[in-house]
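A.B. asks: Structure in structure tokens, see below.
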Amino acid sequence: MKTRVTRAFSSVAALTAAGLVLTACGSSGDGGSEQTGPASFEGRGPITYVAAKDTTGTVQPVIDRWNKLHPDEKVTFIQLPTDADSQRQQMIQNAETKSDAYTVLSLDVVWTSEFAAHRWIDRLPEKEFPLQKMLKPVMETAKYRDGLYAVPASSDGGMLYYRSDLLKKAGVAGPPKTWAELKDACAKVRKLPEGKGMSCYAGQFQKYEGLTVNFAEAVHSAGGVVTDANGTPDVDTPAARKGLDFLTGSFRDGTIAKEAITYQEEDSRQAFQSGRLIFLRNWPYVYSLAQKSKVAGKFEVAPLPGLNGPGASSLGGHNLALSSFAKNKATALDFMKFFTSEQIAKHFLQDASLAPPYARLYDDPALVKQYPYLPVLKQSVLRAVPRPRVVQYGDVTSAIQREAYAALNGGKSSAQALTDLQKDLQKVMGR
Amino acid sequence: MADIRTPARTAVRPPGGTAGRRAGRPPAPAGRRARAARATAGSGRMAALLVSPTLLVLSIVVLYPTIMALAESLYGPKGLDPRTGFISSTEPFVGLRNYADIFGEAGDRFWNAFWNTTFFTVVTVALETVIGVAMALIMHRALRGRALVRAAILIPWAVPTAISGLLWRWIFNSNGIANDLLGRQILWTSEGFQAKVAVIVAEVWKTAPFIGLLVLAGLQVIGKEVYEAARLDGAGPLRQFWHITLPLVKPALLVAVLFRCLDALRMFDLPYILVGAQKHSVETLSMLAQHEASNVRFGPASAYAVLLFLYVLLIALAFVRLLGTDLVGDGGAGGRRGRRRGIALFRRTEVTA
């Protein structure tokens, strides 16, 4: 019986080997056709819009409005999981199989380069979109090598939430503009009876995309860069080190609580809302939620602090892109224009508090009344430096997370972490 | 998990059944041997015919993807053309370089994941076996409220792994219940040994009932008279358990442990959700393969998957041997079936891995 089993296995192995050779021959033959002609946008008819699951219920009404106006060019909303990694994975699967199931894709801002370089999305005609009305850093996230590959639909920037009640009581004049001022303010607040046992500052330091965001902000706020203007890694610099030192030093001296190494956005929001934090770096979505919590009316927002002056935020948000393998691209282009128009951006700001790419909306008095943080957010977005815009973003962000986490966890000195990161990034990007 | 297992098992039952019956038949007398041989040949052809659809399905859903993965593992990632800024449309053939890289450059990461995988498998399966057997004994006892106890014990197993991962992430939150109960702040989801402990606790909680369930099935076929005889001979409860329950329940227990080992070896969702991706201390081989695939490097991803497949295959074969020899001792039928099931099992794992 044993020999029979063994024989069966050896024949399977032989088959496998044979099949291997066959498939190897098969797949080396195809491909090799490199063509980069200008994309033509032809064909009208039904298309799809692919985005994360809409938890606010504001997307479908907009699509319904379009469908009513264009009964022959209906848009179907395909909802992907809320988790960004699975969205990206499904979009890549769709592209790898060259399926026409997805037409207009809602891409996270950091995916643009990767999708463009793989030619999963089409280059778009710049003249068709009101780009000059948008905030410049936001518009930059939609470009790859000077070509427009996506249209900004929403943006996002980090802000400093602070306990204005405690700062006032401690006699601190206003929100800190530098890290040193932030630490000073904390020292004063902690002397108050209410401030006893409070943590000073927190961001998102768990080993995930949030850490990349926070690391990049620290480095940029100290005047350093992760990648330079040409996209070449240049992170092993004294400036970058000062940025990382702020984070590692804060973990060491207790400015940032030890438990913050496990914080994602929600954990840090909970800590702020339960009154355990004086300063919090987070996205604008926290504002309305915190107003319903026990710190309601006790907090305000300010631009992020930096080493010698205001800091630089990372950018969030989504861009619309057109799948290269889709049909009815003329309709798709029209729909993208409609969906990213100022009017729709205003709707999304009002109903889903999505930060718009349009500069003017941040100054609209009615909107500022609804969202008092808009002027601060505008400053944040205007001064923002996007995370590295590189094709191998997945590898870049894991390298950043690995080294930054090692530095924050005390496993590595920040100098060593940055030297290693520089080496990793050079290897990943092949330069 | 259950919905995958069921078709695999039913699909393989026909050959196992016929083989078992044949093996169990007493040897034919010398005079009738020729006729019997002819009949066997005839029924063999019939069996082959009946089995062929199953084999066809298996080769489409199992053999083909495996071969494709093997082939894919010989290709490298697509290169970026620095002039145009576009990724080339073909993957370069690199032969065995993906494997060489895994054992060379990326060796640290691979061996770390390998040891993590092995550590999790050994520790969780050992704990699950002990707890699972205890659960089965409790469920087997004819107490009042037995149905309630059984349902309660089985609930963790019915919770999807991803959900239980989220659940335990709350429990192991820095301000969660676990820390409240322990009275100190342990950062479970940060890098370190405590992350391993968190994964093990959650995994054991979830899958010990599975072993319990299979062992319970084994317990229920043990006749009451065996225990009665033992009692008459003056054997205490501990002796009864050690010399009667355990040996008689062993076939079922071994199958359960095999299932669990193969499942644990391709552990992915629990550490991924509970502790997070790219955490050195809990990264398993499946997570490595997923990481490569999510960065559009299907070649290296396949290479990792193939290595995991080989590892699982090795463990499965070792178990099948163990099961086979053990069960042949008390009847060929059981041995055969056990062996076949084992083979079907590793086929299943290779697909899902």
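The values are calculated or read from the model by the stated rules, or taken from the named source; none is laboratory data. Not measured: the values here are computed from a predicted model. A quick note on method: Cβ atoms are made from the backbone with ideal geometry, for glycine too, and the neighbour counts reach across all protein chains shown.
A.B. asks: Go through the range B:283-297 residue by residue and tally those that are more than 8 Å from chain A (Cβ to nearest Cβ) and either modelled with pLDDT of 95 or more or out of contact with any Pro (no Cβ under 6 Å at 6 or more places or on another chain) (or both). It would help to see each step written out before you state the result.
C.D. replies: Here is the first cut: in the range B:283-297, the residues more than 8 Å from chain A (Cβ to nearest Cβ) are B:283-290, B:292-293, B:297.
Subsequent filtering for residues that are either modelled with pLDDT of 95 or more or out of contact with any Pro (no Cβ under 6 Å at 6 or more places or on another chain) (or both) retains B:283-290, B:293.
Of the residues in the range B:283-297, 9 are more than 8 Å from chain A (Cβ to nearest Cβ) and either modelled with pLDDT of 95 or more or out of contact with any Pro (no Cβ under 6 Å at 6 or more places or on another chain) (or both).
A.B. asks: Considering each residue of the range A:221-245, count those that are more than 19 Å from A:Gly157 (Cβ to Cβ) and either outside the structural domain of A:Ala180 (by TED's automatic domain parsing) or in a helix (DSSP H, G or I) (or both), and give that number.
C.D. replies: Total meeting the criteria: 7.
Matching residues to (1) small (Gly, Ala, Ser); (2) over 30 Å from A:Leu280 (Cα atoms); (3) touching a Ser or Thr at 6+ places or on another chain (Cβ under 9 Å):
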| residue | (1), (2), (3) |
| --- | --- |
| A:Arg119 | no, yes, yes |
| A:Asp122 | no, yes, yes |
| A:Glu126 | no, yes, no |
| A:Met134 | no, no, yes |
| A:Arg145 | no, yes, yes |
| A:Gly157 | yes, no, yes |
| A:Tyr162 | no, no, no |
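A.B. asks: Restricting to the range B:125-159, and then to whatever is assigned to a loop (DSSP other than H, G, I, E, B) and on the phi < 0 side of the Ramachandran plot, can you tell me which residue is modelled with the lowest pLDDT? First the steps, then the outcome.
C.D. replies: Initially, the range B:125-159 is screened for residues assigned to a loop (DSSP other than H, G, I, E, B), giving B:141-145, B:159.
This time we only want the ones that are on the phi < 0 side of the Ramachandran plot, so: B:141-144, B:159.
Working: B:Arg141: 80, B:Ala142: 63, B:Leu143: 70, B:Arg144: 77, B:Val159: 92.
Filtering the range B:125-159 for residues that are assigned to a loop (DSSP other than H, G, I, E, B) and on the phi < 0 side of the Ramachandran plot, the one modelled with the lowest pLDDT comes out as B:Ala142.
A.B. asks: Quick check on this structure: which one of A:Leu421, A:Leu377, A:Leu349, A:Leu354 is closer than 20 Å to A:Gly223 by Cα, within 22 Å of the chain's Cα centre (by Cα) and more than 12 Å from chain B (Cβ to nearest Cβ)? Steps first, answer last, please.
C.D. replies: Details: A:Leu377 fails: closer than 20 Å to A:Gly223 by Cα; A:Leu349 fails: closer than 20 Å to A:Gly223 by Cα; A:Leu354 fails: closer than 20 Å to A:Gly223 by Cα.
Only one candidate passes the filter, namely A:Leu421.
A.B. asks: Condition first: within 17 Å of the chain's Cα centre (by Cα) and part of a helix (DSSP H, G or I). Now tell me which residues in the range A:380-405 satisfy that. First the steps, then the outcome.
C.D. replies: As a first pass, look at the range A:380-405 and keep what is within 17 Å of the chain's Cα centre (by Cα): A:380-401.
Answer for the range A:380-405, where residues must be within 17 Å of the chain's Cα centre (by Cα) and part of a helix (DSSP H, G or I): A:Ser380, A:Val381, A:Leu382, A:Tyr393, A:Gly394, A:Asp395, A:Val396, A:Thr397, A:Ser398, A:Ala399, A:Ile400, A:Gln401.
A.B. asks: Please count how many residues of the range A:146-179 are assigned to a strand (DSSP E or B), within 20 Å of the chain's Cα centre (by Cα) and within 14 Å of A:Val301 (Cα to Cα).
C.D. replies: Step one: filter the range A:146-179 for residues assigned to a strand (DSSP E or B), giving A:147-148, A:151-157, A:159-162, A:178.
Among the residues that remain, those that are also within 20 Å of the chain's Cα centre (by Cα) are: A:148, A:151-157, A:159-161.
Within this subset, residues satisfying the condition of being within 14 Å of A:Val301 (Cα to Cα) are A:157, A:159-161.
Matching residues across the range A:146-179 total 4.
Okay, residues lined up against (1) free of Cβ contacts under 8 Å to residues at least 12 places away in the same chain; (2) closer than 23 Å to A:Tyr393 by Cα; (3) surrounded by fewer than 20 Cβ atoms within 10 Å (Cβ to Cβ):
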| site | (1), (2), (3) |
| --- | --- |
| B:Lys224 | yes, no, yes |
| B:Gly234 | yes, no, yes |
| B:Ala289 | no, yes, no |
| B:Tyr304 | no, yes, no |
| B:Phe319 | no, no, no |
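A.B. asks: Still on this structure: Would you check if there is a residue in the range A:236-253 being within 14 Å of chain B (Cβ to nearest Cβ) and of a type in the set (A, V, I, L, M, F, W, C)? Talk me through it step by step, then tell me what you get.
C.D. replies: Of all residues in the range A:236-253, those within 14 Å of chain B (Cβ to nearest Cβ) come to A:251.
Okay, now just the ones that are also of a type in the set (A, V, I, L, M, F, W, C), so A:251.
Yes, the range A:236-253 contains a residue that is within 14 Å of chain B (Cβ to nearest Cβ) and of a type in the set (A, V, I, L, M, F, W, C).
A.B. asks: Quick check on my filter: what residues within the range A:45-76 are loosely packed, with under 15 Cβ neighbours inside 10 Å and assigned to a strand (DSSP E or B)?
C.D. replies: A:Thr76
A.B. asks: Sticking with this one: A:Met159 passes all but one of (1) without any contact (Cβ under 8 Å) to a residue 40 or more places away in the chain; (2) in contact with a helix residue (DSSP H, G or I) (Cβ under 8 Å, 6 or more places away or on another chain); (3) aliphatic (A, V, I, L, M); which number fails?
C.D. replies: So A:Met159 meets the others, but not (1).
A.B. asks: Quick one: which residue in A:Leu322, A:Leu374 is farther than 21 Å from A:Arg281 by Cα, buried (at least 18 other Cβ atoms within 10 Å of the Cβ) and touching a helix residue (DSSP H, G or I) at 6+ places or on another chain (Cβ under 8 Å)? Give the steps one after another, and end with the answer.
C.D. replies: Values: A:Leu374 fails: farther than 21 Å from A:Arg281 by Cα.
None of the other options fit; the residue is A:Leu322.
A.B. asks: Could you list all residues from the range A:110-133 that are surrounded by fewer than 24 Cβ atoms within 10 Å (Cβ to Cβ), more than 20 Å from A:Ile47 (Cβ to Cβ) and either over 15 Å from the mean Cα position of the chain (by Cα) or not hydroxyl-bearing (Ser, Thr, Tyr) (or both)?
C.D. replies: A:Glu114, A:Ala117, A:His118, A:Glu126, A:Lys127, A:Pro130, A:Leu131, A:Gln132, A:Lys133
A.B. asks: Go through the range B:139-170 residue by residue and tally those that are within 18 Å of B:Gly276 (Cα to Cα) and away from every other protein chain (no Cβ under 13 Å).
C.D. replies: Narrowing the range B:139-170 to residues within 18 Å of B:Gly276 (Cα to Cα): B:160-170.
Of the ones still in play, those that are also away from every other protein chain (no Cβ under 13 Å) are B:160-161, B:163-164, B:167-168.
Of the residues in the range B:139-170, 6 are within 18 Å of B:Gly276 (Cα to Cα) and away from every other protein chain (no Cβ under 13 Å).
A.B. asks: Then there's this: Can you find a residue that is touching a strand residue (DSSP E or B) at 6+ places or on another chain (Cβ under 6 Å), buried (at least 16 other Cβ atoms within 10 Å of the Cβ) and not basic (Lys, Arg) anywhere in the range B:236-251? Show your work before the answer.
C.D. replies: Filtering the range B:236-251 down to residues touching a strand residue (DSSP E or B) at 6+ places or on another chain (Cβ under 6 Å) leaves none.
No, the conditions are met nowhere in the range B:236-251.
A.B. asks: Criterion first (part of a loop (DSSP other than H, G, I, E, B), surrounded by fewer than 18 Cβ atoms within 10 Å (Cβ to Cβ) and either more than 26 Å from the chain's Cα centre (by Cα) or more than 14 Å from chain B (Cβ to nearest Cβ) (or both)) does A:Glu194 satisfy it? Steps first, please.
C.D. replies: Working: part of a loop (DSSP other than H, G, I, E, B): yes; surrounded by fewer than 18 Cβ atoms within 10 Å (Cβ to Cβ): yes; either more than 26 Å from the chain's Cα centre (by Cα) or more than 14 Å from chain B (Cβ to nearest Cβ) (or both): yes.
So A:Glu194 passes the test.
A.B. asks: Could you please give the count of residues in the range A:110-145 that are aliphatic (A, V, I, L, M) and either assigned to a loop (DSSP other than H, G, I, E, B) or without any contact (Cβ under 8 Å) to a residue 12 or more places away in the chain (or both)? Walk me through how you get there before you give the answer.
C.D. replies: Taking the range A:110-145 and keeping what is aliphatic (A, V, I, L, M), we get A:110, A:116-117, A:121, A:124, A:131, A:134-135, A:138-139, A:142.
Retained after the next criterion (residues that are either assigned to a loop (DSSP other than H, G, I, E, B) or without any contact (Cβ under 8 Å) to a residue 12 or more places away in the chain (or both)): A:124, A:135, A:142.
Qualifying residue count, the range A:110-145: 3.
A.B. asks: Across the range B:87-117, what is the total count of residues that are on the phi > 0 side of the Ramachandran plot and more than 14 Å from chain A (Cβ to nearest Cβ)? Don't jump to the end; show me each part of the working.
C.D. replies: Going through the range B:87-117, the residues on the phi > 0 side of the Ramachandran plot turn out to be B:95.
Subsequent filtering for residues that are more than 14 Å from chain A (Cβ to nearest Cβ) retains none.
Counting residues in the range B:87-117 that are on the phi > 0 side of the Ramachandran plot and more than 14 Å from chain A (Cβ to nearest Cβ) gives 0.
A.B. asks: Does at least one position in the range A:359-371 carry a residue that is over 24 Å from A:Leu289 (Cβ atoms), surrounded by 21 or more Cβ atoms within 10 Å (Cβ to Cβ) and more than 14 Å from chain B (Cβ to nearest Cβ)?
C.D. replies: No, the range A:359-371 has no match at all.
A.B. asks: Also, I was wondering about something else. Here is a list: A:Ala330, A:Ala345. Which entry is buried (at least 22 other Cβ atoms within 10 Å of the Cβ) and among the aliphatic types (A, V, I, L, M)? Show your work before the answer.
C.D. replies: Numbers: A:Ala330 fails: buried (at least 22 other Cβ atoms within 10 Å of the Cβ).
Just a single option satisfies the conditions, and that option is A:Ala345.
A.B. asks: Which residue out of A:Ala216, A:Ala290, A:Ala296 is assigned by TED's automatic domain parsing to the domain that holds A:Gly411, small (Gly, Ala, Ser) and closer than 29 Å to A:Gln416 by Cβ?
C.D. replies: Checking each option against the conditions leaves just A:Ala216.
A.B. asks: Could you check, for the range A:359-368, whether at least one of its residues is under 17 Å from the mean Cα position of the chain (by Cα), closer than 19 Å to A:Leu135 by Cβ and assigned to a helix (DSSP H, G or I)?
C.D. replies: There is no residue in the range A:359-368 that is under 17 Å from the mean Cα position of the chain (by Cα), closer than 19 Å to A:Leu135 by Cβ and assigned to a helix (DSSP H, G or I).
A.B. asks: Does any residue of the range B:74-86 turn out to be crowded, with 17+ Cβ neighbours inside 10 Å, away from every other protein chain (no Cβ under 14 Å) and not aromatic (Phe, Trp, Tyr)?
C.D. replies: no
A.B. asks: While we're looking at this one, here's another question. Please work out if A:Phe299 is in contact (Cβ under 8 Å) with a residue 60 or more places away in the chain, crowded, with 16+ Cβ neighbours inside 10 Å and under 28 Å from A:Thr58 (Cβ atoms). Talk me through it step by step, then tell me what you get.
C.D. replies: Values: in contact (Cβ under 8 Å) with a residue 60 or more places away in the chain: yes; crowded, with 16+ Cβ neighbours inside 10 Å: yes; under 28 Å from A:Thr58 (Cβ atoms): yes.
In short, yes.
A.B. asks: Of the conditions (1) out of contact with any Phe, Trp or Tyr (no Cβ under 9 Å at 6 or more places or on another chain); (2) closer than 28 Å to A:Asp267 by Cα; (3) in contact (Cβ under 8 Å) with a residue 40 or more places away in the chain; (4) outside any loop (DSSP other than H, G, I, E, B), A:Ser288 satisfies every one except a single condition; which number is it?
C.D. replies: (1)
A.B. asks: For the list (1) within 14 Å of chain B (Cβ to nearest Cβ); (2) within 30 Å of B:Pro82 (Cα to Cα); (3) not aromatic (Phe, Trp, Tyr), I need the number of the one condition that A:Ala406 fails.
C.D. replies: Single failed check for A:Ala406: (2).
A.B. asks: Against the condition in a helix (DSSP H, G or I), surrounded by fewer than 22 Cβ atoms within 10 Å (Cβ to Cβ) and either assigned by TED's automatic domain parsing to the domain that holds A:Gly311 or not charged (D, E, K, R) (or both), how does A:Ala187 come out, does it pass?
C.D. replies: Working: in a helix (DSSP H, G or I): yes; surrounded by fewer than 22 Cβ atoms within 10 Å (Cβ to Cβ): yes; either assigned by TED's automatic domain parsing to the domain that holds A:Gly311 or not charged (D, E, K, R) (or both): yes.
Yes.
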